[in-house]
């Protein structure tokens, strides 16, 4: 329960659709509303199965890129840790001698065109998650509504790239993939039902006849929480990963401050992610107790952060994803009127066996013509 002197704004994303807000709270329940929506979920599931079947039969074409492709995504809605997984995988590939490039749809951006990210690309043109991936990895990133177009553009502009990592896109069957990584968080598969009666975007576990099947399944959980049961699928191997907040927060100019030193500040915490309460709870576990907690919609535009920079007496603490939009706003404020702002990175650490399995999958692709 919040302490009496701490004001708490709704910790769920504002303007959430009603069904998503419900399942963020009751993700494992089959309530009367879930039962009411279950027939609709059967229709949705039938359409998804039909679409996948058309790709498997060759009616719809899955386009092959001349490079190996890893697709990383989730089969549940609401943010399961896909972006931290992309960052971890890209960093690992770089350490192994690969030259990865990243493609993404770029959710929340204002354009559908193909855009190659540059250091000065505005987040409204790139999307916040691709901008964060580029910042954390240094890898080239292209975004487009059509991930095949993004991949082709990336290959054309960066001949040094020898492997593509697709941020999201498990249900984007138009892009052929060589390896799939399916990410789950502590919610698992929720109540096991498809949208809109549950959290699932597609039936899980997949059947052995489904093509392509998942290669690797990664279950993320907080470092201070017990690992949830692993949910795998035919042809897939399941692994676990821990996530925690970094010990140091990062400022707009790259300066760093130990997270524990922020405990004495008048803090406003903001999280424009699918589940803001996850960030707030992790702050509390680290001993950081903000006076105000503000949950914004996932991929909120920059205007949602404007009110946060009006009070120089407060210190704003946010996720790295929020910092993509918040920090540039601070640069427009006169230094004397500018509040402090700090982003807290999320550290996601898969068990070593996960990367060993990924390397084994890629070994046969590394020297392929």
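Some notes on this structure:
- Tally of residues being touching a helix residue (DSSP H, G or I) at 6+ places or on another chain (Cβ under 7 Å), within 23 Å of residue 353 (Cβ to Cβ) and outside any helix (DSSP H, G or I) across region 74-90: 1
- Within region 93-115, if we keep just the residues that are in a loop (DSSP other than H, G, I, E, B) and in contact with a strand residue (DSSP E or B) (Cβ under 6 Å, 6 or more places away or on another chain), the residue that is surrounded by the fewest Cβ atoms within 10 Å (Cβ to Cβ) turns out to be 98.
- Test for residue 288: is it touching a helix residue (DSSP H, G or I) at 6+ places or on another chain (Cβ under 6 Å), closer than 14 Å to residue 344 by Cβ and part of a loop (DSSP other than H, G, I, E, B): yes
- Applying the set (1) part of a helix (DSSP H, G or I); (2) surrounded by fewer than 22 Cβ atoms within 10 Å (Cβ to Cβ) to residue 150 leaves exactly one unmet item: (2).
- From the options 185, 215, residue that is more than 19 Å from residue 51 (Cβ to Cβ), over 17 Å from the mean Cα position of the chain (by Cα), modelled with pLDDT under 95 and crowded, with 19+ Cβ neighbours inside 10 Å: 215
- Failed item in (1) touching a helix residue (DSSP H, G or I) at 6+ places or on another chain (Cβ under 9 Å); (2) within 22 Å of residue 125 (Cβ to Cβ); (3) in contact (Cβ under 8 Å) with a residue 24 or more places away in the chain, with residue 331 passing the rest: (1)
- Scanning region 47-73 for residues that are closer than 20 Å to residue 151 by Cβ and in a loop (DSSP other than H, G, I, E, B) yields 60, 61, 62, 64, 65, 66, 67, 68.
- Members of region 177-209 found to be assigned to a loop (DSSP other than H, G, I, E, B) and either touching a helix residue (DSSP H, G or I) at 6+ places or on another chain (Cβ under 7 Å) or not assigned by TED's automatic domain parsing to the domain that holds residue 87 (or both), listed by number: 178, 190, 191, 193, 195, 196, 197, 198, 199, 202, 203
- Just one residue in the set 232, 240 is assigned to a loop (DSSP other than H, G, I, E, B) and in the same structural domain as residue 107 (by TED's automatic domain parsing); that residue is 232.
- Pairing residues of region 76-104 that are at positive phi with residues that are buried (at least 24 other Cβ atoms within 10 Å of the Cβ) and assigned to a helix (DSSP H, G or I), at Cβ distances under 9 Å and at least 6 apart in sequence or on separate chains, gives 78/23.
- Scanning region 161-176 for residues that are outside any strand (DSSP E or B) and touching a strand residue (DSSP E or B) at 6+ places or on another chain (Cβ under 9 Å) returns 161, 162, 168, 169, 170, 171, 172, 174, 176.
The values are calculated or read from the model by the stated rules, or taken from the named source; none is laboratory data. Since this is a predicted model, take the numbers as computed values, not measurements. As a convention, Cβ positions derive from the backbone with ideal geometry for all residues, glycine included, and neighbour counts pool all protein chains shown.
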